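Data first, discussion second: the structure below is written as structure tokens.
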Amino acid sequence: MQSQTIVGGCTQITFKHQQKYTGTGGVIKLLVNDTEIGTANVTSAAETSTFSVPGVTGDFVIKLEISSKL
């Protein structure tokens, strides 16, 4: 999943996540301008992940890559 271009820079990103299906959870990778910022493990519990985003000024794009655990 990828955002449109966002203007104004960024210092922190927070999002909620939860596994909504049966099976094993996965991992969400957060990228800003194609640079990996961090990962969050997905479980059946609703959780909030917050990441510091250093050095992002001007325009940027947020991307979430989701992979399941096999």
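Listing for the model above:
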| item | result |
| --- | --- |
| Matching residues, the range 1-40, being basic (Lys, Arg) and surrounded by fewer than 14 Cβ atoms within 10 Å (Cβ to Cβ) | Lys16, Lys20 |
| In the range 60-70, the residues that are surrounded by 12 or more Cβ atoms within 10 Å (Cβ to Cβ) and over 18 Å from Met1 (Cα atoms) | none |
| Search result, residues across the range 41-52 that are modelled with pLDDT of 95 or more and either open to solvent by less than 60 Å² (accessible area, probe 1.4 Å) or within 11 Å of the chain's Cα centre (by Cα) (or both) | Thr48, Ser49, Thr50, Phe51 |
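The values are calculated or read from the model by the stated rules, or taken from the named source; none is laboratory data. These figures come from a predicted structure and were not determined experimentally. Counting neighbours? That spans all protein chains shown, and the Cβs are built from the backbone with ideal geometry, glycine included. Side chains are part of the model used for accessible areas, which takes the heavy atoms of the whole protein and leaves out ligands, DNA and RNA. Shrake-Rupley method; radii C 1.70, N 1.55, O 1.52, S 1.80 Å.
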